[in-house]
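Values in this text are rule-based calculations from the coordinates and carry no lab data. Remember, it's a predicted structure, so these values are computed and weren't measured experimentally. A quick note on method: Cβ atoms are made from the backbone with ideal geometry, for glycine too, and the neighbour counts reach across all protein chains shown.
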Amino acid sequence: MILPNKAKHYLRSIGNKSKNDKIDARGLAQMGLEQNLQLWQPLSKNIYALRMLTRQHQRLQELKNQSENQKHSLLHSQYTDKFVLKQLDKLIKIYEQQIQQIAQEINKVLDEDLVLKAKIAQLTQIKGLGLLSACTLVAETNGFTGFENIRQLVSFAGYDVIENQSGKRVGKTRISKKGNTGPPVR
């Protein structure tokens, strides 16, 4: 498996202007023959579980924040409704309980896989990187497999620098933001 933009650029570089299944298949076969492509490895069961748990945690955290914002808005509005406030309080408590359960499940997954637990422990040694952030980072990068160097990881995260200059003209230098669209690492 290769990234779609790599295949697209390769097909353009060999002169393919049209796009259909037959042209794509032929071009991808040629690419596979010419280049020493790395074989795709599926996610391990535990990394897959970790990815699902960290993504669910992200969704629940967003829902909890949304409910807290609604409560704050209601408390600071001209009129308040006690029934709605009670419901929002209950929702917030439910989200908090589910977030705690996810944290427990994450710990169970790590306890089952000592290699994965060691990777996470190494990452949490970095100042400011907590357990959840480290788990998200490992889950979204498949344990950092598929990266040959730091530049690839930076590009995957969408933090690679794009220069825009030619001759004497100097354009803006910016961050590409074309990385993984998974949940943000906090």
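Could you give the C-alpha radius of gyration of the chain expressed as a fraction of 2.2 N^0.38 Å, taking N as the number of residues it contains?
Here the Cα radius of gyration is 1.42 times the empirical estimate.
What ranking, highest mean first, results for peptides 21-29, 76-84, 94-102 when packing means the other Cβ atoms within 10 Å averaged over each residue?
Averaged packing, sorted descending, gives the order 94-102, 21-29, 76-84.
Place a +1 charge on the Cβ of each Lys and Arg in region 45-140 and a -1 charge on the Cβ of each Asp and Glu, then give the dipole magnitude about the Cα centre in debye, rounded to the nearest 20.
So the dipole magnitude of region 45-140 works out to roughly 60 debye.
Give me the compactness ratio for region 45-140, meaning the Cα radius of gyration over 2.2 N^0.38 Å.
Ratio of Rg to 2.2 N^0.38 Å for region 45-140: 1.36.
If contacts are Cα pairs under 8 angstrom and at least 6 residues apart, what is the relative contact order of region 45-140 in percent?
After rounding, I find 44 percent.
Using Cα atoms only, what is the angle between the long axis of helix 21-34 and the major principal axis of the chain, expressed in degrees (0 to 90) to the nearest 10?
Helix 21-34 and the main axis of the chain meet at about 70 degrees.
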